[in-house]
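Everything below concerns the one structure shown next.
The values are calculated or read from the model by the stated rules, or taken from the named source; none is laboratory data. Everything numeric in this text was worked out from a predicted model, so none of it was measured. Cβ atoms come from the backbone with ideal geometry, glycine included; neighbour counts cover every protein chain shown. SASA here: full protein model, heavy atoms, side chains in, ligands and nucleic acids out. Shrake-Rupley method; radii C 1.70, N 1.55, O 1.52, S 1.80 Å.
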Amino acid sequence: MTEFELIMLIVFTFSIVQSIFGVGILVFGTPTCLLLGYPFEETISYLLPASISISCMQIFHGKDEVKLKKEFLIFTIPFIILGLTVVLVKWFSFDMKIPVGLMLILTGTVRLFPKIQNSMERFLRKQMKFYLISMGFIHGLSNMGGGLLTILSSSLFKKKKEVRANIAYGYLIFAMTQIIVLSILKPSLFHLNIMVFPFISLFTYICLGNIMFLKSNEKMYQSFITVFTLAYGIVLLFPT
């Protein structure tokens, strides 16, 4: 299997996950590529266009459910830009596997224990601006704000369609901001081959992922995503 075919397989696999849960391509595609030895900036240049394509479709299908608006934009975008800029200009040198792994374990732990999740929900309702700022900065640094976005959306909304639509909206804002910053600071990362990935994602969403979402059992897939998140986090923290 060639390197390009491997990335296509990663995009296809996690497009199914994102079609169902609202997150997947960035949350799981990022650590997968890091484990395979891809640099962080190259990884996100592959994954962002694919993530954007699915988020657009999910927003289209759930446009009446989107409630995150002005406050979300104001308090996340500047800090996504700041976090990603820190990584791209290499103001600090650190292994991205570590913060990504820690974010996955934190997210999985919060989802695993209802008491922790309830405490998190109370905190974010009282400290929404701080939470949005932190989420934006963490996503810029690690591409892992999707876990925190999932917590936010599932805390504010209870219906499955509402949760996914608002995650998709937040994810679209995340990815569009990152694409703009990346195209300014690292334009050499973008080439025509990358345009294959969003088409793979769209095909996967339309022919498979969205159908699975509509037929899915909510309790079962919530349990699955929690276990998957914890497993990836643990693997990333082991030295390679």
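Go through the stretch 169-197 residue by residue and tally those that are in a helix (DSSP H, G or I) and either open to solvent by 10 Å² or more (accessible area, probe 1.4 Å) or over 30 Å from D64 (Cβ atoms) (or both). Total satisfying the criteria: 20.
If the condition is being among the hydroxyl-bearing types (S, T, Y) and surrounded by fewer than 21 Cβ atoms within 10 Å (Cβ to Cβ), then the stretch 2-31 contributes T2, T13.
Of all the criteria given as (1) over 11 Å from the mean Cα position of the chain (by Cα); (2) in a helix (DSSP H, G or I); (3) surrounded by fewer than 22 Cβ atoms within 10 Å (Cβ to Cβ), the one not satisfied by K158 is (2). Evaluating E121 against the criteria (1) among the charged types (D, E, K, R); (2) closer than 23 Å to K63 by Cα; (3) assigned to a helix (DSSP H, G or I); (4) over 16 Å from the mean Cα position of the chain (by Cα) leaves one unmet condition, (2).
For every residue, the table says whether it meets (1) under 22 Å from F40 (Cα atoms); (2) free of Cβ contacts under 8 Å to residues at least 60 places away in the same chain; (3) open to solvent by 70 Å² or more (accessible area, probe 1.4 Å).
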position: E71; (1), (2), (3): no, no, yes
position: F75; (1), (2), (3): no, no, no
position: F79; (1), (2), (3): yes, no, no
position: G83; (1), (2), (3): yes, yes, no
position: L132; (1), (2), (3): no, no, no
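All of (1) assigned to a helix (DSSP H, G or I); (2) farther than 17 Å from F137 by Cα; (3) within 14 Å of the chain's Cα centre (by Cα) hold for E42 with one exception: (3).
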